[in-house]
Amino acid sequence: RHHSDGRTLLWEDPSWRTVGNLSLDDLPLGPNDERLWALMSALRQGASVEELVAHTYIEPWFINALERIVKMERRLLGEELTPSLLRSAKRIGFSDSQVGTLSDMLPEQVRNQRHEWGLRPVYKTVDTCAAEFEAVTPYYYSTYDQENEAAPLEGKKAVVIGSGPIRIGQGIEFDYCSVHAATALSEAGVRSIMINSNPETVSTDFDTSDRLYFEPLDEESVRDILENEEIDNEAPPSVVQFGGQTAINLSQSLARAGMPILGSSAEVIDIASDRHKFEDFLSRLGIPQPPGAAVTSVEEALQVAQNIGYPAVVRPSYVLGGRAMEIVQNATELIYYLTAAVEMSPDKPVLIDRYLEGKECEVDAICDGEQVLIPGIMEHVERAGVHSGDSMAIYPSLNLSPREADTIVDYTTRIGLELGVKGLMNVQFVIHGGAAYRSPNTPQDDGEPTTIYIIEVNPRGSRTIPFISKLTGVPVAKIATRVMLGDTLKGLGYPGGLWPIQDLVGVKAPVFSMAKLVGVDWHLGPEMKSTGEVMGVDRNFQMALTKALMAANLDLKPGTGILLSIADQHKAEAVSLVRNLNKAGCLLYATEGTAAMISAMGLPVNMTTKKLREGHPNVVDVIEDGSVSAVVNTISGSPEVMRDGFFIRRAAVEKHIPCFTSMDTARAAAESLSVEPVAYEIATIAEYLEGR
C-alpha cells in the first residue's frame, strides 16, 4: 500500500523488523518502489555498507550517504538537542518535523528553538554559468551556511506557490496558471517571487518571475522563504490558488503562522475543503448535494451507507486527483475498502456519498466579491463516477437544456458570493434524472425534470483553466490574479454571469501512458489515471471530436474489427452503439453474453470466448493477431468480471489500440464514425474565435 503523501524516510514496514539475526533476503532490496526504505531499515538494523553493496550492487557512494543519515538519526534519538547537534542535522537536510519526531518535540517547538539559537537558512544563487563568468539569474536555493545572497526584494511584491513535481492528478495545467499569475503580477506593477521545485516547468524559467526559490513545497521551507523576504517584520502575501492541492494544503499552515494570503482567505478555503462546514454552507443556501457524511470508524461508515443507500462513492477528505476514491456496491466492498485502501482516523475522516448516476458538468469561475464571471460551462461525455481529469469534456455545453444551464450559473454565482471567494473556484455538478448519456445530435428539451447536485467546490484554479481560456479568449488566470490584488471585474472590463458562447466547439480528451506501466489495470473510475490531454477545436461537435480522438489515439475507423464485452447493466444502452458500428461496416467480435445480444438484434457477430483456457481464438488472440482495431469493455463491480476484463484491457493497451471502458466514450466515438475524414477544417484558435 503506497501512501505517496507524507511518507518520510523514517517510514518502515513493521514486518521488516526481524527478531534475532537480520537476513537481507527478507527485505525488498531488489528494484521496486520500497527499495529506498528497505535499505534504510537494513542500515538501522546494523547491516554494513559492504554487505549492502554486495547484496544490491548499488554504488557505495549512495549507501554511504544513507548511512550518514542513519548515524544522525541515532544521535538525535540518543543525545540531548544542542545548538551544534541541531545545526549538523539541518546541514545534512533534516526537516524540523523529522528532528521533532526523533527528539520528541513538536515541529513548531523545533522551529522556535532553532530561531532562539539563531539557526536560519541562507539563500545562495544557483550558478547558471558553471563558474565561466558571473551568474546574474535570480535563482536561489537554501543552505545552512554563513552568507545570505538573497536580500529581500524592495517594493510591492507577492509570492506565487507552484505545484511541485508533475504527477498523475497534478499536471502541467497548474504550471500554466502559475506562469500567467507571475505575468499578471508584473503587469500590475507587483514583483513576483516564484517558489517551485520542478526544473522541468516553464514557471522555473529564468525570465518568468522576478525571483525564483528552488525549494520543497512544505510548510517549513515556504515559511523560511517568507521570513527571508520580510521587510520591517512584514512578509509578502502568497498566491495559493494556482499550485493545485499542494498550495491549498499549505494555505492552512501559512494562515496559522500569521502569513498573509492573497485572494480567498484560508477560512474560505477551509469551508470549501471541509465536509461538515461545506454541507452546512450549502444547506443554508438551499443548494442540493448528494446525501453523505464524513465518518471515522467502520461501524459509522456501515450505518451511513445503509441510510443513504448503495452504490456509494468513498474517498479520503482533502485529496486531489480522486486518489483512493472508489464506488462501492455493497457492505462487503465498503469494509474491504476501509480496511485495505485508506487509513481512517479522527483527523483523517473518510467521506461517503450516495453515487448519483447522471451527466456531469463543471465550471471555472472568477469572483471578486461583487460579481461572478463564468467563462463557460463544460460538460463531460462520461457520466458521473469517472474522474474529471480522465473524462472527455465539451465546450460549450451542447446537451444542457436552457433551464439546466441557468441553474448552473445561478448556483455558481450564489456560492461564489456567499462563500466570499476572491479569485478562482471550480465547481462540479451532476445532473440527476433523464439519460446519463446525451448525444449532441439530439437537442435537449426541458420536458424531463432533472435535479442538479453540487459534487464539490474547489477554491482554486483547476486543470481545465488552459482549456477554457483558449476556447473563450478569456485570460482566466490573469484576471483572477488581478482580482486577488484588489481589482474588480467591472474595473477590468468584464461583466458578471456567463460569458457569451463562442461559435466553436472544443473537445478535451485524456491521454494515458498505460502501455508503460506493465501489469496495471486501467479502467476509468473515480481515481485519476491519465497523464495528459489533447484538445480538438472546430465549428461543430463531430468535427472537434474527430480531431480530439485522432490526437488521443482513440479514433475508430470504419470497416475495421471491433471487440465488444459489455457488462449486463450497460447492455440496453449498447444497442445504439452496436447499430452505429454495424452501419459503419465494422466487423463485430464479442464475448459470450454480448454476442448473444447482438445476434438477437439480427446483426452478424463473431463469438469470441473470454475464457482464456477454453479453445482459440479467444479475446486475447483476436487482439494480438490484429483482427480487431479497438475494444469496448465496460465493467461492473464484480471481481470475476473485473478479472476477465483485465486480460482484454491489458492486451489492448500493449497492442496500442483504443480500449473504451466507459459506454459513454465509446458511444461518442462511434457517433464520429459517420463523419467523412475530409469534413473537418484546419484553422488556428484565433481564427475560430474571430469567427471567420
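Output the residues belonging to region 424-454 that are at pLDDT 90 or above and either under 23 Å from GLY491 (Cβ atoms) or surrounded by 18 or more Cβ atoms within 10 Å (Cβ to Cβ) (or both).
LEU424, MET425, ASN426, VAL427, GLN428, PHE429, VAL430, ILE431, ILE452, TYR453, ILE454
The set of residues in region 463-474 being assigned to a loop (DSSP other than H, G, I, E, B) and modelled with pLDDT of 90 or more consists of THR464, GLY473, VAL474. Scanning region 196-215 for residues that are within 16 Å of ARG120 (Cα to Cα) and part of a loop (DSSP other than H, G, I, E, B) gives a single hit, GLU215.
Please find, within region 557-573, the residue that is farthest from ASN618 (Cα to Cα) out of those that are aliphatic (A, V, I, L, M) and buried (at least 23 other Cβ atoms within 10 Å of the Cβ). That would be ILE566.
Of all the numbered requirements in (1) hydrophobic (A, V, I, L, M, F, W, C); (2) at pLDDT below 90; (3) out of contact with any helix residue (DSSP H, G or I) (no Cβ under 8 Å at 6 or more places or on another chain); (4) crowded, with 22+ Cβ neighbours inside 10 Å, ALA544 misses one, and that requirement is (2).
Name the residue that is surrounded by the most Cβ atoms within 10 Å (Cβ to Cβ), counting only residues in region 593-617 that are of a type in the set (A, V, I, L, M), at pLDDT 85 or above and touching a helix residue (DSSP H, G or I) at 6+ places or on another chain (Cβ under 8 Å). Among residues in region 593-617 that are of a type in the set (A, V, I, L, M), at pLDDT 85 or above and touching a helix residue (DSSP H, G or I) at 6+ places or on another chain (Cβ under 8 Å), the one surrounded by the most Cβ atoms within 10 Å (Cβ to Cβ) is ILE598.
Conditions (1) assigned to a helix (DSSP H, G or I); (2) of a type outside the set (Asp, Glu); (3) in the same structural domain as MET392 (by TED's automatic domain parsing), marked per residue:
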residue	(1), (2), (3)
GLU527	no, no, no
SER530	no, yes, no
GLU533	no, no, no
ALA544	yes, yes, no
LEU549	yes, yes, no
SER576	yes, yes, no
ALA595	yes, yes, no
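Scan region 387-406 for residues that are of a type in the set (Val, Ile, Thr) and surrounded by fewer than 22 Cβ atoms within 10 Å (Cβ to Cβ) and the total you get is 0.
Out of VAL350, VAL372, report the one residue that is closer than 25 Å to SER283 by Cα, at pLDDT 95 or above and not aromatic (Phe, Trp, Tyr).
Working: VAL350 fails: at pLDDT 95 or above.
None of the others qualify; the one that does is VAL372.
Does VAL409 count as touching a residue at least 40 places away in the same chain (Cβ under 8 Å), of a type in the set (Val, Ile, Thr) and surrounded by 23 or more Cβ atoms within 10 Å (Cβ to Cβ)? Answer is no for this residue. For region 536-560, the candidate set comprises residues that are touching a Gly at 6+ places or on another chain (Cβ under 6 Å) and among the aliphatic types (A, V, I, L, M); within that set, the residue that is nearest to TYR589 (Cα to Cα) is ALA548.
Might you let me know whether region 461-468 holds any residue that is more than 27 Å from PRO288 (Cα to Cα) and in the same structural domain as VAL409 (by TED's automatic domain parsing)? The answer is yes, given that some residue of region 461-468 is more than 27 Å from PRO288 (Cα to Cα) and in the same structural domain as VAL409 (by TED's automatic domain parsing). Screening GLN113 against (1) touching a Ser or Thr at 6+ places or on another chain (Cβ under 6 Å); (2) within 25 Å of ILE92 (Cα to Cα); (3) buried (at least 18 other Cβ atoms within 10 Å of the Cβ) leaves a single unmet condition, (1).
In summary, strands (runs of 3 or more DSSP E) completely within region 326-407 and bearing 3 or more residues that are within 22 Å of the chain's Cα centre (by Cα) and more than 23 Å from ILE479 (Cα to Cα) occur at 326-328, 350-354, 358-367.
Scanning region 136-175 for residues that are assigned to a loop (DSSP other than H, G, I, E, B), under 28 Å from the mean Cα position of the chain (by Cα) and of a type in the set (Gly, Ala, Ser) returns GLY162, SER163, GLY164, GLY169, GLY171. The set of residues from region 216-260 being among the acidic types (Asp, Glu), part of a loop (DSSP other than H, G, I, E, B) and without any contact (Cβ under 8 Å) to a residue 12 or more places away in the chain comprises just one member, ASP232.
Kindly evaluate GLU418 against the criterion of being among the acidic types (Asp, Glu), within 30 Å of ASP538 (Cβ to Cβ), touching a residue at least 40 places away in the same chain (Cβ under 8 Å) and not assigned by TED's automatic domain parsing to the domain that holds ARG315. Spelling it out, it is not the case that GLU418 is among the acidic types (Asp, Glu), within 30 Å of ASP538 (Cβ to Cβ), touching a residue at least 40 places away in the same chain (Cβ under 8 Å) and not assigned by TED's automatic domain parsing to the domain that holds ARG315. Return a yes/no flag: does region 434-454 have any residue that is closer than 19 Å to LEU373 by Cβ and touching a His at 6+ places or on another chain (Cβ under 6 Å). No, region 434-454 contains no residue that is closer than 19 Å to LEU373 by Cβ and touching a His at 6+ places or on another chain (Cβ under 6 Å). Only one of the numbered conditions (1) within 20 Å of TYR140 (Cα to Cα); (2) within 23 Å of the chain's Cα centre (by Cα); (3) charged (D, E, K, R) is not met by ASP274, and that is (1). Here region 525-541 is the region considered, the condition is being within 24 Å of VAL505 (Cα to Cα) and among the hydrophobic types (A, V, I, L, M, F, W, C), and the residue that is surrounded by the fewest Cβ atoms within 10 Å (Cβ to Cβ) is VAL534. Annotation for region 35-52: no member residue is exposed (fewer than 10 other Cβ atoms within 10 Å of the Cβ) and free of Cβ contacts under 8 Å to residues at least 24 places away in the same chain. For region 491-499, the condition of being crowded, with 21+ Cβ neighbours inside 10 Å, touching a helix residue (DSSP H, G or I) at 6+ places or on another chain (Cβ under 8 Å), more than 30 Å from MET550 (Cα to Cα) and not hydroxyl-bearing (Ser, Thr, Tyr) holds for at least one residue.
The values are calculated or read from the model by the stated rules, or taken from the named source; none is laboratory data. Bear in mind the structure is a predicted one, so any value in this text is a computation, not a measurement. Positions of Cβ are backbone-derived with ideal geometry, glycine not excepted, and every protein chain shown enters the neighbour counts.
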